[in-house]
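So the structure is just underneath, and the comments pick up after that.
The values are calculated or read from the model by the stated rules, or taken from the named source; none is laboratory data. This is a predicted model, so every value here is computed, not measured. Here the Cβ positions follow ideal geometry from the backbone for every residue, glycine too, while neighbour counts run over all protein chains shown. Each accessible area value is taken on the protein alone, full model and side chains, heavy atoms only, with ligands, DNA and RNA left out. Shrake-Rupley method; radii C 1.70, N 1.55, O 1.52, S 1.80 Å.
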Amino acid sequence: TNPVQPKAGLTGMVLFNIAAQPKPPRVGLPRYEELLPLILQMFHITEANTIDRRAMVIGQLYAENGAMFYRREIASGAEYEGRIDLGNTRPGDGVRYAGRGWIQLTGRANYTSFSGWMYREGRAPTPTHYVDNPELVETDEGAMWATAYYLKVARPTFMQRADARDIVGCTRLV
């Protein structure tokens, strides 16, 4: 594993500067400052506890969501209709379970697994809470938890690949 531990210093300004946004920026400094506690919580949950791991997570998230701008996929989700590999087996599942959150959680199967995990963790009132209410993944807290789930549970080798600085491997996982 990479022994380089993060030092104090991750701030909203650092997140803002990493984003390299257009002028004027789509996401302002106050928004990054607002998201920082949730990002740090997600780092803790996923054991993103080295520079390489944090850099890989931030890079993948920024690529997925436009540097924390999008919390819902730009497309409608219609292209996921009938995608058995995503668990979209019912009419309307593609749009209903379009990508949401920082990591763009997509498909009935992923929402079902995420919802079950949140229930087992004591963070959802029912095992189908996020299946029944997929829009909750678009909230800041829902987006953070969906990312934590995805990196920790759905893609458990992500941090190992981050340790190896395997950008291609991490990108394929996401």
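Here are some notes:
- Residue match in segment 160-174 (condition: under 18 Å from residue 39 (Cα atoms), open to solvent by 30 Å² or more (accessible area, probe 1.4 Å), modelled with pLDDT under 95 and in contact with a helix residue (DSSP H, G or I) (Cβ under 9 Å, 6 or more places away or on another chain)): yes
- Among residues of segment 27-44, those that are loosely packed, with under 14 Cβ neighbours inside 10 Å and outside any helix (DSSP H, G or I), counted: 1
- Counting only residues that are among the hydrophobic types (A, V, I, L, M, F, W, C) and assigned to a loop (DSSP other than H, G, I, E, B), segment 118-174 holds 3 of them.
- Of all residues making up segment 80-134, the number that are among the β-branched types (Val, Ile, Thr) and either closer than 18 Å to residue 152 by Cα or open to solvent by less than 50 Å² (accessible area, probe 1.4 Å) (or both): 4
- The listed residue being at pLDDT below 95 and within 21 Å of residue 165 (Cα to Cα), out of 45, 39, 58, 103: 103
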